[in-house]
Amino acid sequence: MPTQLWRPITGQGLERCELETTASGYRIAGTALRAIEDDPYEIRYSILTDAQWVVSTVGAHVQGPGNDRRLALASDGNGAWSVTEEPVVELYGATDVELSWTPSAHTVAIKRLDLGVGEAADATVVAIGFPSHDIERKTHRYERIALRRYRFSTGAYQTDLEIDEHGLIVTQPGRWMSVLAH
């Protein structure tokens with residue numbers, strides 16, 4: 001099972017992420033320990049996809065000072081999202097997910113899009129903030145510029161992502177760096 005250990009480039013923290021094959025697709029799950037404004041947080045998350053890397057379920061549990069929050073989102077794979085079976089209309093059309101505390105969710109879009117070198121595509125994502133759990137719809141753009149390098153942009157932000165042979169992020173300049181891969 002491929003595993004990455006990341007640290008943020010700025011701030012304090014560490015994250016362990018695993019990618020595993022399931023009976024119906026894939027699961028990316030991890031635990032992040034982060035310090036935000038001198039407060040310690042623990043975040044556990046899981047993203048389940050089908051065999052084509054289409055997201056079916058996203059779960060997150062954030063624990064910190066006075067903060068114990070859980071979030072569970074479900075997708076029908078065709079752009080409809082729900083929380084505890086209640087539709088979230090403003091997320092309609094999103095196919096992927098962004099978890100602001102981890103680079104792991106990029107793997108889902110990279111694998112699902114399956115771009116050749118020189119190709120680019122947009123992905124509409126459900127973006128989940130940390131530690132607030134604020135949810136919004138965003139557009140991400142991925143351009144494959146080399147075998148293991150993607151140019152990623154969203155809004156005015158742009159960077160290059162380096163991936164390993166499993167599609168997990170190795171570096172995201174200014175944000176994340178792998179310190180151990182297994």
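The values are calculated or read from the model by the stated rules, or taken from the named source; none is laboratory data. Bear in mind that the values here come from a model prediction, so they are computed numbers and not experimental data. Glycine gets a Cβ as well: all are built from the backbone with ideal geometry, and neighbour counts include every protein chain shown.
Per-structure values
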read-out	value
Yes/no for ARG27 being surrounded by 13 or more Cβ atoms within 10 Å (Cβ to Cβ), over 19 Å from HIS182 (Cβ atoms), out of contact with any Gly (no Cβ under 8 Å at 6 or more places or on another chain) and not hydroxyl-bearing (Ser, Thr, Tyr)	no
Some residue of the range 46-53 being without any contact (Cβ under 8 Å) to a residue 40 or more places away in the chain and either in contact with a helix residue (DSSP H, G or I) (Cβ under 7 Å, 6 or more places away or on another chain) or under 19 Å from TRP101 (Cα atoms) (or both)	yes
Some residue of the range 115-128 being without any contact (Cβ under 8 Å) to a residue 24 or more places away in the chain and either touching a His at 6+ places or on another chain (Cβ under 8 Å) or loosely packed, with under 14 Cβ neighbours inside 10 Å (or both)	yes
Filtered residues of the range 1-42 (kept if under 17 Å from SER104 (Cα atoms), among the charged types (D, E, K, R) and touching a residue at least 24 places away in the same chain (Cβ under 8 Å))	ARG7, GLU15, ARG34
Hits in the range 17-40 (condition: more than 18 Å from GLU98 (Cβ to Cβ), of a type outside the set (A, V, I, L, M, F, W, C) and over 13 Å from the mean Cα position of the chain (by Cα))	GLU20, THR21, THR22, SER24, GLY25, GLU37, ASP38, ASP39, PRO40
Residue satisfying condition, being among the hydroxyl-bearing types (Ser, Thr, Tyr), part of a loop (DSSP other than H, G, I, E, B) and touching a strand residue (DSSP E or B) at 6+ places or on another chain (Cβ under 8 Å), within set THR107, THR102, THR10	THR102
Failed condition for ALA146, given (1) among the hydrophobic types (A, V, I, L, M, F, W, C); (2) loosely packed, with under 14 Cβ neighbours inside 10 Å; (3) under 22 Å from ALA23 (Cβ atoms)	(3)
Considering residues of the range 54-92 that are without any contact (Cβ under 8 Å) to a residue 60 or more places away in the chain and touching a Pro at 6+ places or on another chain (Cβ under 8 Å) only, the residue farthest from ARG27 (Cα to Cα)	PRO65
Yes/no for TRP101 being under 21 Å from ASP164 (Cβ atoms), within 13 Å of the chain's Cα centre (by Cα), aromatic (Phe, Trp, Tyr) and at pLDDT below 95	yes
